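Below you'll find the structure, written out as structure tokens, and then a few comments.
The values are calculated or read from the model by the stated rules, or taken from the named source; none is laboratory data. Only a predicted model underlies this, so the values are computations on that prediction, with no experimental measurement involved. FYI the Cβ positions are ideal-geometry reconstructions off the backbone, even for glycines, and counts take in every protein chain you see.
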Amino acid sequence: MRFALGASLSQEFQSSRLKALYGHYRAVMPGERLPRRSDIDPAQMIAAIPNTYIVVVERSPAGDTTFRLQLFGTELVRLFGAELTGEQVCTLDLGDWGNEWRSTLRYAMRTQRPVIATHRIEVIRHLPITIEHVVLPLSQDGLAVDRLIGAIDMLEDDRDALRNHMSRIDWSNARAVTDGLRKVPD
């Protein structure tokens with residue numbers, strides 16, 4: 001996986017849903033501090049809500065970090081074939097895509113920066129999809145990341161192609177994650 005620093009993330013999005021979420025996040029960011037969960041206004045990101053998830057960062061006394069899904073949007077339920085609210089992301093069997101998801105969450109938490117990732121994944125043999133994914137850190141005290149809000153969207157052409165195959169997707173067999181690129185703003 002490559003990481004790139006570059007131009008404004010809002011110009012990087014292919015998904016208008018993810019761009020709307022990121023725009024709202026930037027609008028409520030209090031200077032150099034991270035926004036709180038209460039700063040996020042669902043009314044300002046209506047288009048993104050079905051594709052949005054929120055994870056709570058859980059730290060063990062031993063220093064291990066896990067991510068528990070606090071919210072999992074209806075479009076994500078349809079895409080992944082299950083309601084995953086309450087689940088730990090590290091226990092989900094999502095094949096290679098699960099590894100990329102967890103890695104992107106850890107990167108956003110560690111850097112305390114928004115991250116956009118684009119991945120090409122084969123979920124049904126010879127039917128790859130391109131997923132765009134944004135992860136945005138949140139903090140109750142403005143400093144330590146305690147939640148991450150994210151959204152996942154398929155590119156339009158892929159969504160149309162998969163519409164008739166959604167029930168056959170077995171995410172545990174997601175393979176061939178390619179063309180992955182994570183970007184963070186300067």
(Q) If Ser10 satisfies all but one of (1) at pLDDT 90 or above; (2) over 22 Å from Ile129 (Cβ atoms); (3) assigned to a helix (DSSP H, G or I), what's the number of the condition it fails? (A) (1)
Q | In the stretch 69-111, the residues that are under 13 Å from Ile149 (Cα atoms) and in contact with a Gly (Cβ under 7 Å, 6 or more places away or on another chain) | A | Leu69
Q.
Being modelled with pLDDT of 90 or more and either under 24 Å from Arg106 (Cβ atoms) or hydroxyl-bearing (Ser, Thr, Tyr) (or both) narrows it down to one residue among Arg59, Arg36; which is it?
A. Arg36
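Table: residues versus (1) surrounded by 14 or more Cβ atoms within 10 Å (Cβ to Cβ); (2) not in a helix (DSSP H, G or I).
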{"residue": "Tyr53", "(1), (2)": "yes, yes"}
{"residue": "Ala82", "(1), (2)": "no, yes"}
{"residue": "Cys90", "(1), (2)": "yes, no"}
{"residue": "Trp101", "(1), (2)": "yes, no"}
{"residue": "Tyr107", "(1), (2)": "yes, no"}
Q. Could you list, in sequence order, the residues of the stretch 71-101 that are under 19 Å from Val56 (Cβ atoms) and among the basic types (Lys, Arg)?
A. none
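Which of the residues spanning the stretch 84-119 are acidic (Asp, Glu) and in contact with a Ser or Thr (Cβ under 7 Å, 6 or more places away or on another chain)?
Of the stretch 84-119, the ones acidic (Asp, Glu) are 87, 93, 96, 100.
Asp93, the sole residue that qualifies.
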Q: Residue by residue through the stretch 55-80, note down the ones that are in a loop (DSSP other than H, G, I, E, B) and either over 13 Å from the mean Cα position of the chain (by Cα) or without any contact (Cβ under 8 Å) to a residue 40 or more places away in the chain (or both).
A: Ser60, Pro61, Ala62, Gly63, Asp64
Q) Yes or no: Gly86 surrounded by 15 or more Cβ atoms within 10 Å (Cβ to Cβ) and on the phi > 0 side of the Ramachandran plot? A) no
